[in-house]
Amino acid sequence: MSVLDPKAYALLKSVFGYDEFRPGQEEVIAAVLAGGPVLAVMPTGSGKSMCYQLPAVLEEGLTVVVSPLIALMRDQVQQLRHVGVSAGSLNSSNTSHVTDEVWSALKAGSLRLLFLSPERLAMDGLHNALSRAGVKRVAIDEAHCVSEWGHDFRPEYRQIRSAVEAMGNVQVIAFTATADRNTRADIAGRLFDRAPHIVVHSFDRPNLDLRFAPKDQPRKQIDAFLKNHREQSGIIYCSSRDRTEKMATWLQDSGFESVAYHAGMEASQRARNQDRFLQEDGIVVAATIAFGMGINKPDVRFVVHADMPGSVEAYYQEIGRAGRDGLPASTLTLFGVEDMALRRRQIAEKQISEERRRIEHARFGRLAMLCEAASCRRQVLLSYFDEQAPPCGRCDICRGEVALYDGTVDAQKALSAVYRTGQRFGATYLTDVLTGTASESVSRNGHEAIKTFGVGADKTRTEWGGIIRQLFAADALETASEEHGGFKLSAKGEAILLGQESIQLRKDPPKAPKPARSKVGKGQDAPEGLDEDETRIFTALRRKRLELAREEGVAAYVVFADRTLIELARQRPLSLREMAGIYGVGTAKLERYGEAFLDVLLSVE
């Protein structure tokens, strides 16, 4: 049975162009319309914004949306206005004319959604103005930012509750894509004056292909991955500002349209690069983690981590920026022992309580386990969020790209090398000892004479490097010195060395993924499943979309999402009436763009 007013389903189609809700949306919207406090935890790409947009349109009241980024506010305002919904934002990038228009709409009672930053919401006098405008509810996006247990804590989010209370009897609803049990409890306590109705939707993103690989000539690994993503939009995350600049330059030299993004860039250049990524097709952005929160671009086809992410939550949030339109998208995460050592050192150096440090080390350990997983990646990832799932059949491990074996003996050899050399050397030195390589430093330290010297001559240096990395990820090894690095045995490592514990290891480090052969010409971005004729139509529709987007100064997906163009190419409607049945084609967009796209469909041979 339907849980919503029939008018809600009619508006979903006539305004937004969708025939049905995505999984989880109906339950959240019903809870919102019931009027009480709501906390919804839904994965990126599941349509969280619909859960506050549709109620605002249905009830014709004012909803204030608290959002952390100006770019996200601007993007959502553009999208809403393009489907005929009155929306605006008050932010520092507005011209005085735009600000005046927003205030006029507020005073007239015609505005349905108003987007604000948490700092703007807390400004003196705004509470009274919003109360006079009849604000009905406040929707808080990226709600995990209020919690120190979340991966992206922002102190300004702590001001939201007092600001909302100053408005009087206003409904509070909050949304996030990443919140484990502790974070959810913290959000509930900090944003609500009473226990909220909590909806936790499945964290699974089945359209994302999950791949991991230990670093082995990272540029070559990334190049091999990107060969199958020409002219597609994507993000490559790097661990430092300098690396983003170098990565963007390398991508440009390799024939990709690429820009860099990091917090150290001049603000106007950073904004231009972000706008180009949002508004154009086929742009690859090389970025630090400063980029991405609130990015609403639905057609990001891949996310690469050139360096190990900071936590499972951060990884989940960052890969979640791919495939928001529900179409297939790819991810690749590269990791190395240096990454792991850096992350652990960063945790050790933080000015936090020992309890918090213990929890962060445990969270990092779960990330290391995901990188070095011996079972389905999706199962390991979802288990972090207390969700069970069968093997996905689509990740690198399920596809048989990673083999496992009882690695206890090999682990004992490596751990013995660590112990007998004094528990202070790094991976390069230890691989010299294990393979019997009499380097100058090994000879100088007299380690040619220890029993472990040459005990691993049957394996390559790369293989031993992988085993050492796996032992570090499994907490069998620890950093010997925060200043000088190197390894020492942990309690678990001692147990393995003494034969009290066994350990499973990956047999061979996975190679860089081989790009699949494309069925279309080189350089074409052909969506999966389209034949040659459909691809030609899709390409023509894409050109028209870009032309219209540039004329209007909006992102291409604000006109129509890729999924809409794919359905147009497949079904080839011959009239506006037929086009009205296509996914994403609501009344306002049909009137605005229908004739232009129909002309393309009728003209392509």
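The values are calculated or read from the model by the stated rules, or taken from the named source; none is laboratory data. Just so you know, these numbers come straight off a predicted model, no measurement behind them. We place every Cβ from the backbone using ideal geometry, glycine too, and count neighbours over all the protein chains shown.
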Quiz prompt | Tally of residues being of a type in the set (A, V, I, L, M, F, W, C), surrounded by 18 or more Cβ atoms within 10 Å (Cβ to Cβ) and in contact with a helix residue (DSSP H, G or I) (Cβ under 9 Å, 6 or more places away or on another chain) across the stretch 377-408 | solution = 6
Practice problem: Residues being of a type in the set (V, I, T) and in a strand (DSSP E or B): count how many of those fall in the stretch 127-175. | Solution: 5
Self-check item: Subset of the stretch 359-409 (residues that are assigned to a loop (DSSP other than H, G, I, E, B) and charged (D, E, K, R))
Solution: E372, D386, E387, R394, D396, R399, E401
Quiz item: Residue check: is A40 in contact (Cβ under 8 Å) with a residue 24 or more places away in the chain, in a helix (DSSP H, G or I) and not charged (D, E, K, R)?
Solution: no
Quiz prompt | Members of the stretch 306-323 that are surrounded by fewer than 24 Cβ atoms within 10 Å (Cβ to Cβ), more than 10 Å from the chain's Cα centre (by Cα) and not hydrophobic (A, V, I, L, M, F, W, C) | solution = D307, G310, S311
Practice problem: Output the residue which, of all residues in the stretch 171-190 that are buried (at least 18 other Cβ atoms within 10 Å of the Cβ) and more than 25 Å from the chain's Cα centre (by Cα), is nearest to Q388 (Cα to Cα). | Solution: V172
Quiz item: Which one of R161, R137 is in the same structural domain as V64 (by TED's automatic domain parsing) and under 29 Å from I289 (Cβ atoms)?
Solution: R161
Quiz prompt | Residue check for A555: among the small types (G, A, S), in contact with a Lys or Arg (Cβ under 9 Å, 6 or more places away or on another chain) and not assigned by TED's automatic domain parsing to the domain that holds F16 | solution = yes
Quiz prompt | Qualifying position, being more than 20 Å from the chain's Cα centre (by Cα), at pLDDT below 90, within 25 Å of D339 (Cβ to Cβ) and not in a helix (DSSP H, G or I), among D216, D193 | solution = D216
Practice problem: Among what's in the stretch 49-68 and is of a type in the set (S, T, Y) and outside any loop (DSSP other than H, G, I, E, B), pick the residue that is farthest from the chain's Cα centre (by Cα). | Solution: T63
Self-check item: the stretch 1-48, residues that are out of contact with any Leu (no Cβ under 9 Å at 6 or more places or on another chain) and under 18 Å from V585 (Cα atoms)
Solution: Y9, A10, K13, S14, R22, G47
Exercise. Report those strands (runs of 3 or more DSSP E) wholly inside the stretch 253-327 carrying at least 1 residues which are at pLDDT 95 or above and small (G, A, S).
Key: 257-261, 283-287
Quiz item: Taking K514, is it modelled with pLDDT under 75 and of a type in the set (D, E, K, R)?
Solution: yes
Exercise. Output the residues belonging to the stretch 186-198 that are in contact with a helix residue (DSSP H, G or I) (Cβ under 6 Å, 6 or more places away or on another chain) and either in the same structural domain as V337 (by TED's automatic domain parsing) or farther than 21 Å from D152 by Cα (or both).
Key: P196, H197
Quiz prompt | Residue within the stretch 376-384 that is outside the structural domain of D458 (by TED's automatic domain parsing) and on the phi > 0 side of the Ramachandran plot present | solution = no
Practice problem: Considering only the stretch 116-162, state which residues are touching a Pro at 6+ places or on another chain (Cβ under 8 Å) and hydrophobic (A, V, I, L, M, F, W, C). | Solution: C145, I160
Quiz item: Is it the case that some residue within the stretch 82-99 is of a type in the set (A, V, I, L, M, F, W, C), surrounded by 20 or more Cβ atoms within 10 Å (Cβ to Cβ), over 18 Å from G134 (Cα atoms) and outside the structural domain of R272 (by TED's automatic domain parsing)?
Solution: yes
Self-check item: Residues of the stretch 3-37 classified as part of a loop (DSSP other than H, G, I, E, B) and without any contact (Cβ under 8 Å) to a residue 24 or more places away in the chain, total
Solution: 1
